[in-house]
1. List the residue pairs whose Cβ atoms are under 6 Å apart, where the first residue sits in the stretch 25-36 and is closer than 12 Å to Leu276 by Cα, the second is open to solvent by less than 40 Å² (accessible area, probe 1.4 Å), and the two are 6 or more positions apart or on different chains.
2. Restricted to the stretch 220-252, and to residues that are within 20 Å of Trp23 (Cβ to Cβ) and acidic (Asp, Glu), which residue is most open to solvent (accessible area, probe 1.4 Å)?
3. Just name the residue that is nearest to the chain's Cα centre (by Cα) out of those in the stretch 108-130 that are part of a strand (DSSP E or B) and closer than 16 Å to Cys227 by Cβ.
4. Just for the stretch 68-89: of the residues that are exposed (fewer than 12 other Cβ atoms within 10 Å of the Cβ) and under 29 Å from the mean Cα position of the chain (by Cα), which one is modelled with the highest pLDDT?
5. Go through (1) modelled with pLDDT of 95 or more; (2) open to solvent by 30 Å² or more (accessible area, probe 1.4 Å) for Lys174 and report which single condition fails.
6. If I filter the stretch 187-208 for residues that are at pLDDT 85 or above, loosely packed, with under 15 Cβ neighbours inside 10 Å and within 28 Å of the chain's Cα centre (by Cα), do I get at least one hit?
7. How many residues does the stretch 231-250 hold that are of a type outside the set (Ser, Thr, Tyr) and touching a helix residue (DSSP H, G or I) at 6+ places or on another chain (Cβ under 7 Å)?
Amino acid sequence: MGSASLSRLQGLFAVYKPPGLKWKHLRDTVELQLLKGLNAGKPPAPEQRVRFLLGPMEGSEEKELTLTATSVPSLTNHPLVCGPAFTHFKVGVGHRLDAQSSGVLVLGVGRGCRLLTDMYNAHLTKDYTVRGLLGKATDDFCEDGRLVEKTTYDHVTREKLDRILAMIQGSHQKALVMYSNLDLKTQEAYEMAVRGLIRPMNKSPMLITGIRCLHFAPPEFLIEVQCMHETQKELRKLVHEIGLELKTTAVCSRVRRTRDGIFTLDSALLRTQWDLHSIQDAIQTAAPRVAAELEKSLSSGLDTKQLPTPG
């Protein structure tokens with residue numbers, strides 16, 4: 001049972017990280033649940049060994065003792081003797097989320113730990129919903145940080161916010177082309193840009209490929225950000241910078257990741273689903289899509305290296 005279950009724990013799956021929970025604690029909890037599931041299976045039947053046991057001789061009236069060959073179970077591998085079969089199981093963590101953030105967190109087990117490296121090298125985009133609050137600034141860009149300044153925001157409109165977001169997206173798209181080392185004058189590079197396959201060649205600062213306002217009800221506003229190479233702190237700072245561009249101040253009250261590569265909120269396992277069978281099913285469901293996405297992204301990355309660069 002244990003080895004059969006272990007063979008199905010080879011791949012990637014996503015969980016939903018609630019706010020206030022550190023990613024290390026989440027990983028340790030998932031690892032513990034997997035160990036419980038692997039060790040809960042029925043142990044294999046013990047091996048039978050021949051032992052010579054002392055007993056009365058049959059048909060003897062004088063109760064003479066003799067050694068009789070008897071088959072008895074060997075208990076050397078019994079869990080009560082040697083302990084549980086599985087005591088450690090490595091769970092790899094993909095693009096991390098800090099304690100204050102929530103959303104999709106990709107984990108890998110078995111061969112999935114190597115796939116996490118492939119996901120990193122593929123430079124896949126991630127989606128976030130970020131909630132901002134106009135009218136104040138704090139030392140760490142968070143709503144519950146130390147208050148630094150309070151400002152008015154009556155002059156801020158949806159149109160002004162949309163204009164600022166369009167400017168941010170435009171500047172980041174130029175940066176994306178620069179870090180990709182592509183010359184958009186070539187036909188191959190142009191086709192990659194149309195298909196949205198342009199990726200930076202190496203590590204870069206946060207790059208925003210799309211940003212839009214989902215809800216605007218001052219002092220609150222909600223934006224959706226599609227980006228790569230980001231940290232949650234940079235997203236909070238982005239809200240602060242949007243406030244400054246709007247001639248006011250703003251803090252971030254929530255950061256939630258809604259997509260990491262192919263993994264979305266719909267495919268993320270809730271805390272009540274962090275068990276062996278649910279994780280095995282999630283791995284099997286995601287495997288074909290993971291393979292297809294990595295093949296597409298990594299192959300386009302190889303093509304990018306062969307394209308001419310601006311001289």
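1. From residues that are closer than 12 Å to Leu276 by Cα, the pairs are Val30/Val91; Val30/Trp274; Glu31/Phe89; Glu31/Val91; Gln33/Trp274; Leu34/Phe89; Leu34/Leu276; Leu35/Phe89.
2. The extreme case among them is Glu234.
3. Lys126
4. His88
5. If we test Lys174 against (1) modelled with pLDDT of 95 or more; (2) open to solvent by 30 Å² or more (accessible area, probe 1.4 Å), just (1) comes out false.
6. Scanning the stretch 187-208, I find at least one residue that is at pLDDT 85 or above, loosely packed, with under 15 Cβ neighbours inside 10 Å and within 28 Å of the chain's Cα centre (by Cα), so the answer is yes.
7. The total comes to 4.
Condition check ((1) surrounded by 13 or more Cβ atoms within 10 Å (Cβ to Cβ); (2) hydroxyl-bearing (Ser, Thr, Tyr); (3) in contact with a helix residue (DSSP H, G or I) (Cβ under 9 Å, 6 or more places away or on another chain)) across all residues:
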residue	(1), (2), (3)
Thr125	yes, yes, no
Tyr128	yes, yes, yes
Glu149	no, no, no
Tyr153	yes, yes, yes
Leu165	yes, no, yes
Ile168	yes, no, yes
Tyr179	yes, yes, no
Leu182	yes, no, yes
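The values are calculated or read from the model by the stated rules, or taken from the named source; none is laboratory data. Here the structure is a predicted model, which means the values were calculated and not measured. All Cβ positions, glycine included, derive from the backbone under ideal geometry; neighbour counts span all protein chains shown. SASA here: full protein model, heavy atoms, side chains in, ligands and nucleic acids out. Shrake-Rupley method; radii C 1.70, N 1.55, O 1.52, S 1.80 Å.
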